[in-house]
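The values are calculated or read from the model by the stated rules, or taken from the named source; none is laboratory data. Since the structure is predicted, the reported quantities are computational estimates derived from the model, not experimental observations. Cβ sites come from the backbone with ideal geometry, for glycine too, and all protein chains shown count toward neighbours.
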């Protein structure tokens, strides 16, 4: 996760009065995720949650951008989660995966809002090649994430374990539960990244529910705009610049609306069917 110095004058983060410092919200008695409850009733759980609350409080630029981006990306994410029968709280897992940056690319090569590696993306039906990378197609990657989440839930029957497994894999989660003879992620000895993972999700949920408690004042969010329409393509497009101009768009507008198009053409040797978003001119 990127950590930046605080910024002001952007209409979202209001610095505290001179001589004072922002204060993280207190650790709650418990938190609810997908209807399941975790209580911060041990020293370990309390300290882990406190750390993540402090993290979101003091990484001002990143937290501010996430809050602003939520207006643009949550509506589509929420729609897909609901259609697929996945609890809405999983959007906060997506938040901590990518900081709500649809162009996010990790050092390990995981890409998009849900941070799929190439191998896992292909396993869940996404095309990844030099022309097309559906890890950057928000609807497609969210549908793939839903597939993973529902598959994991059928195995673990516990939403917290499902969330933890998104970081360490279903196999890794199953192995640790069996080896340590436990039933919940919170009772496992795990690598530091996975140990923090679920607590970061819970802290993110608190941030979006009450930004003011973290010292943030959200005066505006980037807007979500429904596309003008979509165009279904099963063949080739020799020149995406000309294709964009045919719909009254610049090449830049077309690319921003379709980050999954990775080249200036679409040869489409596999003759797959793709839906290209045509945004309203001037919105992208």
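General remarks:
- Scanning the stretch 199-214 for residues that are exposed (fewer than 12 other Cβ atoms within 10 Å of the Cβ) and more than 21 Å from the chain's Cα centre (by Cα) gives a single hit, 212.
- All positions within the stretch 87-111 that are touching a residue at least 40 places away in the same chain (Cβ under 8 Å), over 8 Å from the mean Cα position of the chain (by Cα) and buried (at least 23 other Cβ atoms within 10 Å of the Cβ): 90
- Test: residue in the stretch 12-33 that is modelled with pLDDT of 90 or more, within 26 Å of residue 143 (Cα to Cα) and touching a helix residue (DSSP H, G or I) at 6+ places or on another chain (Cβ under 6 Å): yes
- Annotation note: of 191, 223, 281, 227, the sole residue that is more than 24 Å from residue 130 (Cα to Cα) and free of Cβ contacts under 8 Å to residues at least 24 places away in the same chain is 191.
- Listed by first and then second residue, the pairs linking a residue in the stretch 249-271 that is in contact (Cβ under 8 Å) with a residue 40 or more places away in the chain to a residue that is in a helix (DSSP H, G or I) and surrounded by 20 or more Cβ atoms within 10 Å (Cβ to Cβ), with Cβ atoms under 6 Å apart and 6 or more places separating them unless they lie on different chains, are 259/136; 260/134; 260/136.
- Of the listed requirements (1) at pLDDT 95 or above; (2) within 21 Å of residue 101 (Cα to Cα), residue 239 misses just one: (2).
- If you go through the stretch 121-132 and keep only what is touching a helix residue (DSSP H, G or I) at 6+ places or on another chain (Cβ under 8 Å) and either surrounded by 15 or more Cβ atoms within 10 Å (Cβ to Cβ) or outside the structural domain of residue 169 (by TED's automatic domain parsing) (or both), you end up with 121, 124, 126, 127, 128.
- Among the residues listed as 122, 79, the single one being in a helix (DSSP H, G or I) and in contact with a strand residue (DSSP E or B) (Cβ under 8 Å, 6 or more places away or on another chain): 122
- The stretch 154-169 - residue that is assigned to a helix (DSSP H, G or I) and over 19 Å from the mean Cα position of the chain (by Cα) and, of those, surrounded by the fewest Cβ atoms within 10 Å (Cβ to Cβ): 154
- Index of the failed condition, residue 176 passing every other in (1) assigned by TED's automatic domain parsing to the domain that holds residue 148; (2) farther than 30 Å from residue 53 by Cα; (3) surrounded by 15 or more Cβ atoms within 10 Å (Cβ to Cβ): (2)
- Residue list for the stretch 242-263, restricted to those being surrounded by fewer than 17 Cβ atoms within 10 Å (Cβ to Cβ) and farther than 24 Å from residue 116 by Cβ: 242, 245, 246, 247, 248, 250, 251, 252
- From the options 192, 217, 226, residue that is closer than 30 Å to residue 281 by Cβ and within 25 Å of the chain's Cα centre (by Cα): 226
- Answer from 127, 94 - the residue that is more than 15 Å from residue 259 (Cβ to Cβ) and at pLDDT 95 or above: 94
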